[in-house]
Amino acid sequence: EKGGFAHFMLKEIYEQPKSVRDTVNPRLLNGLPSLGCGDLSGVERVHIIGCGTAMHAGLVGRAAIERFARVPAEVHVASEFRYGDPIIGKKDLAVIISQSGETADTLAALRLAKQKGVRTMAIVNVVGSSIAREADCVLYTWAGPEIAVASTKAYSVQLAMLDLLALQLALDHGRISPHETRVLCADLQKLPDMVEEALKLDASCKEAAAAYAKQEIAFFIGRGVDYPSSMEGALKLKEIAYVESEAYAAGELKHGTISLIVEHTPVIALATQSKLFEKTVSNIKEVKARGAEVLLLCGKGAHVTEDVADHVLMLPDVPEWLMPSVLVVPLQLFAYYMAAERGCDIDQPRNLAKSVTVE
Ligand code: F6R
């Protein structure tokens with residue numbers, strides 16, 4: 001049932017092009033997003049709510065929403081939201097993200113949002129799940145069943161759905177023209193092929209993992225939209241390879257964390273956005289000067305000099321706004337091969353359950 005793959009996780013990583021295609025295609029009509037959740041032109045603020053990987057998807061989605069629609073968006077950790085005193089206006093939109101649709105904290109957050117009288121939209125992968133049933137509107141993602149405990153393809157489809165939502169909001173708010181929206185939607189339709197291309201980094205990820213497998217800590221750094229990708233990369237490495245890994249906005253390192261960098265400390269630097277590239281390179285130089293062993297992930301077009309990093313993974317050439325969807329593939333593969341090298345139980349990591357139905 002693993003389709004020839006050694007683990008469900010690897011199989012699910014490889015299913016991502018299909019999952020993204022199955023999720024995006026039914027939501028496009030004449031080349032424009034068609035979410036079927038009514039007119040979004042009156043939405044004044046977006047609250048995105050989820051846990052773990054779903055919350056990370058929300059952080060990437062927030063950037064797309066603010067960039068294209070210029071609608072303020074916030075991301076809430078569901079367990080904090082539910083016991084907090086969130087400020088929510090009647091014209092806001094609450095977007096609840098959950099693969100399983102059964103996460104206790106996320107479900108409670110949805111109920112609180114409904115109680116506050118705000119419109120709720122759920123991005124869910126399991127048909128008929130509690131969150132899907134209770135939200136005002138459901139956007140199903142079509143990753144298919146995710147068996148491995150660590151979430152991979154569900155994250156990719158959440159990103160794709162959030163991209164569609166960002167474009168729909170932007171269009172409904174008149175921030176981008178139908179023509180511009182069509183161009184962006186055409187990018188999105190090509191995303192499955194781009195993800196397919198990223199899977200070709202498999203062997204290089206395995207090689208990089210072999211170089212770092214004996215390390216017990218790792219730092220992920222990135223600026224802008226690469227920061228949430230860093231968080232997702234670090235979470236994968238923690239949960240399946242048991243490496244203590246942390247993500248930092250690259251500019252934050254020097255405000256304390258850099259004291260932890262010594263000879264051979266692994267630093268995984270993500271730099272997919274051209275306008276921030278040189279800034280991240282400066283941070284890489286700072287950690288390299290203290291002995292860090294740097295793995296750099298960047299776009300093909302980036303100007304990478306020989307000595308900037310110890311290992312480099314070049315991502316396929318894709319529009320920069322879609323980079324998080326492509327970047328996550330080598331991050332997943334890196335964590336996977338690290339876990340394999342370290343002899344971990346990849347599909348069933350210790351202490352974790354697939355669906356967290358208790359708080
Ligand atoms: C990480 C992971 C978890 C889940 C989180 C939310 O790989 O799987 O962080 O993303 O427990 O689960 P759902 O999306 O089912 O609400």
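The values are calculated or read from the model by the stated rules, or taken from the named source; none is laboratory data. Values in this document were obtained by computation on a predicted structure and should not be read as measured data. Note that we place each Cβ from the backbone using ideal geometry, even for glycine, and neighbour counts take in every protein chain shown. Ligands, DNA and RNA are stripped out before the accessible areas are found, and what is left, the full protein with its side chains, is counted by its heavy atoms. Shrake-Rupley method; radii C 1.70, N 1.55, O 1.52, S 1.80 Å.
Could you list which residues have their amide H under 5 Å from that of F220, counting only those 5 or more apart in sequence or on another chain, with H placed in the peptide plane?
Here E246, A247, Y248, I268 satisfy the definition.
Unpartnered cysteines of the chain (Cβ-Cβ under 4.7 Å counts as a partner)?
C51, C185, C205, C298, C344 - these cysteines have no disulfide-compatible partner (Cβ-Cβ under 4.7 Å) in the chain.
Largest first and to the nearest Å, give the Cα extent of the stretch 1-153 along each principal axis.
50, 40, 27
To one decimal place, what orientation-averaged projected area in nm² is obtained for the convex hull of the Cα set of the stretch 58-108?
4.0
From the backbone phi of the stretch 298-309, what are the Karplus-calculated ³J(HN,Hα) couplings (6.51 cos²θ - 1.76 cosθ + 1.60, θ = phi - 60°) in whole Hz, Gly and Pro given as x?
8, x, 4, x, 5, 8, 10, 7, 3, 8, 5, 9
Can you tell me what percent of all Cα-Cα pairs in the stretch 92-142 are more than 15 Å apart?
Roughly 30 percent, once rounded to a whole number.
Applying the Karplus parametrisation 6.51 cos²θ - 1.76 cosθ + 1.60 with θ = phi - 60° to the phi angles of the stretch 283-290, what ³J(HN,Hα) value in whole Hz is obtained for each residue in order, glycine and proline being reported as x?
Computed from phi, the couplings for the stretch 283-290 are 5, 4, 4, 4, 6, 5, 4, 9 Hz.
Rounded to a whole number of µm²/s, how large is the Stokes-Einstein D of the stretch 243-359 at 4 °C and 1.567 mPa s, given Rh as the Kirkwood radius over C-alpha pairs?
81
How far, in degrees from 0 to 90, does helix 52-69 lean away from the longest principal axis of the Cα atoms of the chain, to the nearest 10?
70
Under a plain spin-label model, where a point goes 7 Å from the Cα along Cα-to-Cβ, how far apart in nm are R175 and K91?
Once both label points are built, they end up 1.5 nm from each other.
How large is the dipole of the stretch 243-359 about the Cα centre if only Lys and Arg carry +1 and Asp and Glu carry -1, each at its Cβ, rounded to the nearest 20 debye?
So the magnitude is around 180 debye.
Any idea which of A150, H7, V267 is furthest toward the positive side of the dipole for the chain, if Lys and Arg beta-carbons carry +1 and Asp and Glu beta-carbons -1?
The residue sitting most towards the positive pole is A150.
Using Cα-Cα distances under 8 Å and only pairs 6 or more residues apart, what relative contact order does the chain have, in percent?
20
Nearest 500 deg cm²/dmol is fine: what mean residue ellipticity at 222 nm does the chain get from its DSSP H runs of n ≥ 4 alone, each adding -39,500 (n - 2.57), divided by its residue count?
Using -39500 (n - 2.57) per qualifying helix, the result is -14000 deg cm²/dmol.
Which trypsin sites (Lys or Arg not before Pro) in the stretch 262-359 sit in a loop by DSSP (not H, G, I, E or B) and have at most 11 other Cβ atoms within 10 Å of their own Cβ?
K300, R350
More than 16 angstrom separation, counting every C-alpha pair in the stretch 199-280; what % is that?
55
In Å, what is the Rg of the alpha-carbon atoms in the stretch 240-309, and how long is Dmax?
Rg then Dmax for the stretch 240-309, in Å: 12.0, 34.
Residues with amide H under 5 Å of I48's amide H, sequence separation 5 or more or different chain, H placed in the peptide plane at 1.01 Å from N; which?
Close amide H contacts, sequence-distant or interchain: E74, V75, H76, V95.
Leaving ligands, DNA and RNA out of it, report the carbon-plus-sulfur percent of the accessible area of the chain at a 1.4 Å probe.
Here carbon and sulfur together make up 51 percent of the probe-accessible area.
What distance in nm separates the two pseudo spin-label positions at E320 and R70, each 7 Å out from Cα along the beta-carbon direction?
The answer from the label model is 1.9 nm.
By DSSP, what percent of the beta bridges with both residues in the chain are antiparallel, rounded to the nearest 5?
Bridges in the chain that DSSP calls antiparallel: roughly 5 percent.
Taking square-rooted eigenvalues a ≥ b ≥ c of the alpha carbon gyration tensor, is the stretch 29-117 rounded, prolate or oblate, where a/c under 1.5 means rounded and, failing that, a/b exceeding b/c means prolate?
prolate
Projecting each Cα onto the charge dipole of the chain (Lys/Arg +1, Asp/Glu -1 at the beta carbon, about the Cα centre), which of F220, H173, H56 comes out farthest on the positive side?
My answer, from the dipole projection, is H173.
Check each of the GluC sites (Glu not before Pro) in the stretch 10-60 and keep only those in coil by DSSP with at most 13 other C-beta atoms within 10 angstrom; list them in order.
For GluC sites (Glu not before Pro) across the stretch 10-60 that sit outside H, G, I, E and B with at most 13 neighbouring Cβ atoms in 10 Å, the list reads E44.
Running a GNM on the chain with Cα contacts under 10 Å, which residue among G144, G38, G101 ends up with the highest mean-square fluctuation?
Between G144, G38, G101, it is G38 that shows the largest mean-square fluctuation.
Ignoring ligands, DNA and RNA, what accessible area per residue does the stretch 223-293 give at 1.4 Å, in Å²?
42
Quick one: Debye curve from the alpha-carbon atoms of the stretch 137-227 only, equal weights, vacuum; give me log10 I(q)/I(0) at q = 0.13, 0.24 Å⁻¹ to two decimals.
So the normalised log intensities work out to -0.69, -1.34.
Hey, what's the stretch 303-355 come to in accessible area per residue, 1.4 Å probe, Å²?
43
In a Gaussian network model over the chain where Cα atoms closer than 10 Å are linked, find which of T181, T305, T53 has the largest mean-square fluctuation.
T305
Using a Gaussian network model of the chain with C-alpha springs under 10 Å, which one of A104, A94, A271 is most mobile by mean-square fluctuation?
With Cα springs under 10 Å in the chain, the top fluctuation among A104, A94, A271 is at A104.
In Å, the Kirkwood hydrodynamic radius of the chain over pairs of distinct alpha carbons?
Hydrodynamic radius (Kirkwood, Cα only) of the chain equals 20.5 Å.
What size of dipole, in debye to the nearest 20, comes out for the stretch 59-142 about its Cα centre when the only charges are +1 on Lys and Arg C-beta atoms and -1 on Asp and Glu C-beta atoms?
300
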